[in-house]
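Quick note: the coordinates plus some simple rules give every number you see, no bench work behind them. These figures come from a predicted structure and were not determined experimentally. Note: ideal-geometry Cβ built from the backbone for every residue, glycine included; neighbour counts use all protein chains shown.
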Amino acid sequence: MKTTFGAFGWLAALWLAGTPCAMAAERALDKQVVVTATPEQVWAAWTTHEGITSFFAPDAEIDARVGGAFHIHIDPLAAPGSRGADDMRYMALQEPRMLSFDWNAPPSLPQARQQRTFVVLRFEPVSATETRVSLHHTGWGDGGEWDKTFQYFDKAWGVVLNNLQTRFEKGPKDWTDWLAQLRQWHEAEKKAETKKATGQ
């Protein structure tokens, strides 16, 4: 009896026969940290203004619902659109276990910044007082500023998760020195622009 395979039948037959199929692995960043907090406490850190400003950035706009604002202002003194993760949105929320949001490149990488990537966070209790935070960042393009953006966040997410860990060990982050440094940068930038405009 002759057997006729459809497209899916051939794929199944190849898989069952153990024939290797060449598929490129999706590039992703994966980071983990264990924090001294319950999943509920970690959830609040990622879904409230008070929580975000306690470890992630000095200011934010937070509306923890599907499609709600997840605007992280690393530089709240900058012009709108250049403050950090401007106009990001929560994509999915499963309290207190999982949340996801879209993400963009920093302003210093304008081509990649026009695109969006995706971050998934999972909160798993490892004891009565500890939670494992797992971060998965995917949706990357290839070449050019994409590679630079990937390298940037490979370091940046480690810093963010370390700040989260420190927040629950020592308390909320004090952004005073960071904001003072930002003011100096912006003042220097304005002086340079004025000097250029007047030809001095």
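Among V160, V34, what is the fewest-to-most ranking by other Cβ atoms within 10 Å? Mind dumping the intermediate values first?
Working: V160 19, V34 14.
The most exposed by this proxy come first: V34, V160.
Each label point was placed 7 Å from the Cα along the Cα-to-Cβ direction; for K155 and R183 their separation is 2.7 nm. Relative contact order, whole percent, for the chain stands at 22, derived from Cα pairs under 8 Å and 6 or more residues apart.
Judged by the ratio a/c of the largest to the smallest principal axis of the C-alpha gyration tensor, segment 147-200 counts as oblate, that ratio being 1.5 or greater while a/b is no larger than b/c. Can you pick out the pairs among K31/K190; K31/K170; K155/K196; K170/K190; K173/K195 whose Cα atoms lie more than 31 Å from each other? Among K31/K190; K31/K170; K155/K196; K170/K190; K173/K195, the Cα-Cα distance tops 31 Å for K31/K190; K155/K196; K170/K190; K173/K195.
The P(r) of segment 33-171 has a tail past 21 Å containing 40 percent of all C-alpha pairs. Helical runs assigned H by DSSP (4 residues or longer) give the chain a calculated mean residue ellipticity at 222 nm of -12000 deg cm²/dmol, each run adding -39500 (n - 2.57) before division by the residue total.
In degrees from 0 to 90, rounded to the nearest 10, what is the angle of the helix 176-198 Cα long axis to the longest principal axis of the chain? It works out to around 70 degrees. With the simple spin-label model, which puts each label point 7 Å out from Cα in the Cβ direction, the S108 to R132 separation comes to 3.3 nm.
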